[in-house]
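Report on the structure given below.
The values are calculated or read from the model by the stated rules, or taken from the named source; none is laboratory data. All of these numbers come straight from a predicted model, not from anything done at the bench. Counting neighbours? That spans all protein chains shown, and the Cβs are built from the backbone with ideal geometry, glycine included.
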Amino acid sequence: MEESKLINSRDLAIIITFAVLNFVFGFMIGQVPRLITGIPGIGYAFTVVYSITITVSFLMYEGRRWRMFAQGFLFTLLSLTTAQSDVLPLAISSTITVFALDLVFNSVYVSFKKRNQLVSWAIFGQVFYWTLSPFLILLSLSLFYPLEGVITTWFIPVMSVMLPVMIIEAFVGGYIGHKIYLRVEKIT
(Lines give C-alpha, C1' and ligand atoms only; values in the text may rest on other atoms or scores of the structure.)
Protein backbone atom coordinates (compact mmCIF):
# COMPACT_ATOMS: atom_id res chain seq x y z
CA MET A 1 0.00 0.00 0.00
CA GLU A 2 1.28 3.48 -0.81
CA GLU A 3 2.45 5.75 1.99
CA SER A 4 -0.07 8.44 0.98
CA LYS A 5 -2.94 5.98 1.49
CA LEU A 6 -1.99 5.14 5.08
CA ILE A 7 -3.01 7.26 8.02
CA ASN A 8 0.30 8.29 9.52
CA SER A 9 0.86 9.40 13.12
CA ARG A 10 0.59 13.10 12.19
CA ASP A 11 -2.81 12.56 10.59
CA LEU A 12 -3.93 10.44 13.53
CA ALA A 13 -2.91 13.20 15.94
CA ILE A 14 -4.81 15.78 13.87
CA ILE A 15 -7.89 13.54 13.72
CA ILE A 16 -7.96 13.02 17.48
CA THR A 17 -7.08 16.63 18.37
CA PHE A 18 -9.74 18.20 16.18
CA ALA A 19 -12.41 15.64 17.06
CA VAL A 20 -11.88 16.33 20.76
CA LEU A 21 -11.67 20.09 20.16
CA ASN A 22 -14.98 20.05 18.26
CA PHE A 23 -16.52 17.90 21.00
CA VAL A 24 -15.51 20.46 23.64
CA PHE A 25 -16.82 23.27 21.44
CA GLY A 26 -20.01 21.28 20.92
CA PHE A 27 -20.62 21.23 24.63
CA MET A 28 -19.52 24.77 25.41
CA ILE A 29 -20.91 26.49 22.34
CA GLY A 30 -23.66 24.16 21.21
CA GLN A 31 -25.24 23.13 24.51
CA VAL A 32 -24.51 25.80 27.12
CA PRO A 33 -26.21 28.68 25.22
CA ARG A 34 -29.40 26.63 24.94
CA LEU A 35 -29.28 25.71 28.60
CA ILE A 36 -28.85 29.37 29.55
CA THR A 37 -31.38 30.88 27.13
CA GLY A 38 -33.76 27.99 26.49
CA ILE A 39 -33.81 28.92 22.80
CA PRO A 40 -33.67 25.86 20.52
CA GLY A 41 -30.99 26.12 17.85
CA ILE A 42 -29.13 29.03 19.47
CA GLY A 43 -25.91 27.00 19.19
CA TYR A 44 -26.09 27.38 15.41
CA ALA A 45 -25.27 31.06 15.93
CA PHE A 46 -21.71 29.91 16.61
CA THR A 47 -21.23 27.94 13.40
CA VAL A 48 -18.20 30.08 12.59
CA VAL A 49 -16.18 28.40 15.38
CA TYR A 50 -16.88 24.93 14.01
CA SER A 51 -16.22 26.12 10.46
CA ILE A 52 -12.80 27.42 11.42
CA THR A 53 -11.71 24.21 13.14
CA ILE A 54 -13.14 21.98 10.42
CA THR A 55 -11.45 24.05 7.70
CA VAL A 56 -8.05 24.02 9.39
CA SER A 57 -8.13 20.26 9.91
CA PHE A 58 -9.50 19.60 6.41
CA LEU A 59 -6.71 21.66 4.85
CA MET A 60 -4.11 19.90 7.00
CA TYR A 61 -5.15 16.57 5.49
CA GLU A 62 -4.18 17.97 2.05
CA GLY A 63 -6.83 16.08 0.12
CA ARG A 64 -6.05 12.66 1.57
CA ARG A 65 -9.25 10.67 1.74
CA TRP A 66 -11.10 9.46 4.82
CA ARG A 67 -9.20 11.57 7.37
CA MET A 68 -12.08 14.04 7.64
CA PHE A 69 -14.54 11.16 7.83
CA ALA A 70 -12.50 9.53 10.62
CA GLN A 71 -12.42 12.84 12.48
CA GLY A 72 -16.17 13.31 12.10
CA PHE A 73 -16.89 9.73 13.09
CA LEU A 74 -14.73 10.05 16.23
CA PHE A 75 -16.55 13.28 17.07
CA THR A 76 -19.86 11.46 16.63
CA LEU A 77 -18.74 8.63 18.91
CA LEU A 78 -17.72 11.16 21.55
CA SER A 79 -21.05 12.93 21.16
CA LEU A 80 -22.93 9.69 21.82
CA THR A 81 -21.67 9.88 25.41
CA THR A 82 -23.67 13.05 26.10
CA ALA A 83 -27.08 13.01 27.69
CA GLN A 84 -28.53 14.98 24.80
CA SER A 85 -31.91 13.89 23.52
CA ASP A 86 -32.02 13.04 19.82
CA VAL A 87 -28.36 12.04 19.91
CA LEU A 88 -28.87 9.00 17.65
CA PRO A 89 -30.56 10.90 14.80
CA LEU A 90 -27.92 13.62 15.07
CA ALA A 91 -25.18 11.00 15.00
CA ILE A 92 -26.63 9.47 11.84
CA SER A 93 -26.89 12.83 10.06
CA SER A 94 -23.45 13.97 11.24
CA THR A 95 -21.81 10.80 9.95
CA ILE A 96 -23.50 11.05 6.55
CA THR A 97 -22.69 14.77 6.23
CA VAL A 98 -19.01 14.35 6.99
CA PHE A 99 -18.84 11.32 4.66
CA ALA A 100 -20.30 13.42 1.82
CA LEU A 101 -17.93 16.30 2.59
CA ASP A 102 -14.91 14.03 2.54
CA LEU A 103 -16.00 12.21 -0.61
CA VAL A 104 -16.95 15.27 -2.66
CA PHE A 105 -14.30 17.77 -1.65
CA ASN A 106 -11.29 15.47 -1.51
CA SER A 107 -12.19 14.43 -5.06
CA VAL A 108 -11.59 17.98 -6.31
CA TYR A 109 -8.75 18.98 -3.95
CA VAL A 110 -5.97 18.51 -6.52
CA SER A 111 -7.61 20.71 -9.14
CA PHE A 112 -8.15 23.54 -6.62
CA LYS A 113 -4.58 23.18 -5.33
CA LYS A 114 -3.12 23.33 -8.86
CA ARG A 115 -4.99 26.58 -9.55
CA ASN A 116 -3.99 27.99 -6.13
CA GLN A 117 -7.68 28.20 -5.13
CA LEU A 118 -7.64 26.40 -1.78
CA VAL A 119 -9.41 29.31 -0.12
CA SER A 120 -12.36 28.77 -2.49
CA TRP A 121 -12.20 25.03 -1.83
CA ALA A 122 -12.31 25.65 1.92
CA ILE A 123 -15.21 28.10 1.70
CA PHE A 124 -17.24 25.92 -0.67
CA GLY A 125 -16.60 22.93 1.59
CA GLN A 126 -17.93 24.73 4.64
CA VAL A 127 -20.98 26.10 2.84
CA PHE A 128 -21.69 22.59 1.49
CA TYR A 129 -21.33 21.06 4.95
CA TRP A 130 -23.52 23.57 6.78
CA THR A 131 -26.16 23.62 4.05
CA LEU A 132 -26.43 19.83 3.80
CA SER A 133 -26.39 19.22 7.54
CA PRO A 134 -29.87 20.59 8.45
CA PHE A 135 -31.55 18.62 5.68
CA LEU A 136 -29.88 15.38 6.78
CA ILE A 137 -30.85 16.16 10.38
CA LEU A 138 -34.43 16.58 9.17
CA LEU A 139 -34.31 13.23 7.39
CA SER A 140 -32.74 11.38 10.32
CA LEU A 141 -35.13 12.93 12.87
CA SER A 142 -38.03 11.87 10.66
CA LEU A 143 -36.90 8.24 11.10
CA PHE A 144 -37.65 8.52 14.83
CA TYR A 145 -40.42 11.14 14.98
CA PRO A 146 -43.37 12.10 12.78
CA LEU A 147 -42.15 14.27 9.90
CA GLU A 148 -44.86 16.89 10.42
CA GLY A 149 -43.81 17.37 14.03
CA VAL A 150 -40.14 17.69 13.14
CA ILE A 151 -40.88 20.24 10.43
CA THR A 152 -43.21 22.37 12.55
CA THR A 153 -41.26 22.25 15.82
CA TRP A 154 -37.67 22.30 14.61
CA PHE A 155 -37.05 22.79 10.93
CA ILE A 156 -39.26 25.77 10.11
CA PRO A 157 -38.84 27.78 13.34
CA VAL A 158 -35.12 27.11 13.81
CA MET A 159 -33.74 26.63 10.30
CA SER A 160 -35.75 29.42 8.67
CA VAL A 161 -33.82 31.82 10.89
CA MET A 162 -30.51 30.02 11.38
CA LEU A 163 -29.76 28.57 7.93
CA PRO A 164 -28.87 31.94 6.37
CA VAL A 165 -26.78 32.75 9.45
CA MET A 166 -25.06 29.36 9.21
CA ILE A 167 -24.23 29.88 5.52
CA ILE A 168 -22.73 33.32 6.16
CA GLU A 169 -20.77 32.00 9.13
CA ALA A 170 -19.59 29.00 7.08
CA PHE A 171 -18.27 31.41 4.45
CA VAL A 172 -16.47 33.50 7.09
CA GLY A 173 -15.24 30.41 8.98
CA GLY A 174 -13.87 28.85 5.79
CA TYR A 175 -11.96 32.04 4.99
CA ILE A 176 -10.58 32.48 8.53
CA GLY A 177 -9.74 28.77 8.75
CA HIS A 178 -7.78 29.05 5.51
CA LYS A 179 -5.83 32.03 6.89
CA ILE A 180 -5.05 30.12 10.09
CA TYR A 181 -3.95 27.11 8.03
CA LEU A 182 -1.54 29.31 6.07
CA ARG A 183 -0.01 30.50 9.36
CA VAL A 184 0.28 26.94 10.67
CA GLU A 185 1.81 25.83 7.36
CA LYS A 186 4.48 28.57 7.64
CA ILE A 187 5.40 27.41 11.13
CA THR A 188 5.74 23.77 10.13
Being of a type in the set (S, T, N, Q), assigned to a loop (DSSP other than H, G, I, E, B) and surrounded by fewer than 19 Cβ atoms within 10 Å (Cβ to Cβ), is that true of even one residue in the stretch 97-110? no
Could you list, in sequence order, all residues of the stretch 138-153 that are buried (at least 18 other Cβ atoms within 10 Å of the Cβ) and under 20 Å from the mean Cα position of the chain (by Cα)? SER140, LEU141
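Can you pull out the residues in the stretch 77-93 that are surrounded by fewer than 20 Cβ atoms within 10 Å (Cβ to Cβ) and part of a helix (DSSP H, G or I)? Can you show your working first?
Let us first name the residues in the stretch 77-93 that are surrounded by fewer than 20 Cβ atoms within 10 Å (Cβ to Cβ), namely 77-88, 91-92.
Those that are surrounded by fewer than 20 Cβ atoms within 10 Å (Cβ to Cβ) and part of a helix (DSSP H, G or I): LEU77, LEU78, SER79, VAL87, LEU88, ALA91, ILE92.
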Return the residue satisfying two criteria in turn: it lies in the stretch 26-52 and is touching a helix residue (DSSP H, G or I) at 6+ places or on another chain (Cβ under 7 Å) and in a loop (DSSP other than H, G, I, E, B), and of such residues it is farthest from GLU185 (Cα to Cα). PRO40
Cβ-Cβ under 6 Å pairs, at least 6 apart or on other chains, the stretch 9-32 side within 13 Å of SER79 (Cβ to Cβ), far side modelled with pLDDT under 95 and of a type outside the set (Asp, Glu): ALA19/PHE75; ASN22/PHE75; PHE23/PHE75; PHE23/LEU78; PHE25/VAL49; GLY30/GLY43
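Here is a yes/no grid of residues against (1) farther than 23 Å from PHE18 by Cα; (2) modelled with pLDDT under 95:
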residue: ILE92; (1), (2): no, yes
residue: LEU101; (1), (2): no, no
residue: ILE137; (1), (2): no, yes
residue: TRP154; (1), (2): yes, yes
residue: VAL161; (1), (2): yes, yes
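Identify, please: which residue in the stretch 33-45 is under 22 Å from GLY174 (Cα atoms) and in contact (Cβ under 8 Å) with a residue 60 or more places away in the chain and is, among those, surrounded by the most Cβ atoms within 10 Å (Cβ to Cβ)?
Our first condition is that a residue be under 22 Å from GLY174 (Cα atoms); within the stretch 33-45, this holds for 41-45.
Now restrict to residues that are in contact (Cβ under 8 Å) with a residue 60 or more places away in the chain: 41, 44-45.
Values: GLY41: 20, TYR44: 22, ALA45: 15.
Restricting to residues being under 22 Å from GLY174 (Cα atoms) and in contact (Cβ under 8 Å) with a residue 60 or more places away in the chain, the top hit is TYR44.
Say whether the condition of being touching a residue at least 24 places away in the same chain (Cβ under 8 Å), part of a loop (DSSP other than H, G, I, E, B) and within 16 Å of the chain's Cα centre (by Cα) is met by at least one residue in the stretch 53-61. Reasoning before the result, please.
In the first step, residues of the stretch 53-61 are kept if they are touching a residue at least 24 places away in the same chain (Cβ under 8 Å); the result is 53-61.
When the remaining residues are screened for being part of a loop (DSSP other than H, G, I, E, B), the result is 61.
Now restrict to residues that are within 16 Å of the chain's Cα centre (by Cα): 61.
Taking every residue of the stretch 53-61 in turn, at least one turns out to be touching a residue at least 24 places away in the same chain (Cβ under 8 Å), part of a loop (DSSP other than H, G, I, E, B) and within 16 Å of the chain's Cα centre (by Cα).
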Among the residues of the stretch 80-124, the number that are within 30 Å of PHE144 (Cα to Cα) and not hydrophobic (A, V, I, L, M, F, W, C) is 11
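Select from the stretch 138-149 the residues that are hydrophobic (A, V, I, L, M, F, W, C) and touching a residue at least 12 places away in the same chain (Cβ under 8 Å) and write down the one among them that is nearest to ILE168 (Cα to Cα). Before the answer, list the steps.
Residues of the stretch 138-149 that are hydrophobic (A, V, I, L, M, F, W, C), as a first pass: 138-139, 141, 143-144, 147.
Retained after the next criterion (residues that are touching a residue at least 12 places away in the same chain (Cβ under 8 Å)): 138-139, 141, 143-144.
Numbers: LEU138: 21, LEU139: 23, LEU141: 25, LEU143: 29, PHE144: 30 Å.
If we take residues in the stretch 138-149 being hydrophobic (A, V, I, L, M, F, W, C) and touching a residue at least 12 places away in the same chain (Cβ under 8 Å), then LEU138 is nearest to ILE168 (Cα to Cα).
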For the stretch 127-137, indicate whether the set of residues that are surrounded by 19 or more Cβ atoms within 10 Å (Cβ to Cβ), touching a residue at least 40 places away in the same chain (Cβ under 8 Å) and in contact with a Pro (Cβ under 9 Å, 6 or more places away or on another chain) is non-empty. yes
Considering only the stretch 70-86, I want to know if a residue exists there that is out of contact with any Lys or Arg (no Cβ under 7 Å at 6 or more places or on another chain), of a type in the set (D, E, K, R) and touching a residue at least 24 places away in the same chain (Cβ under 8 Å). yes
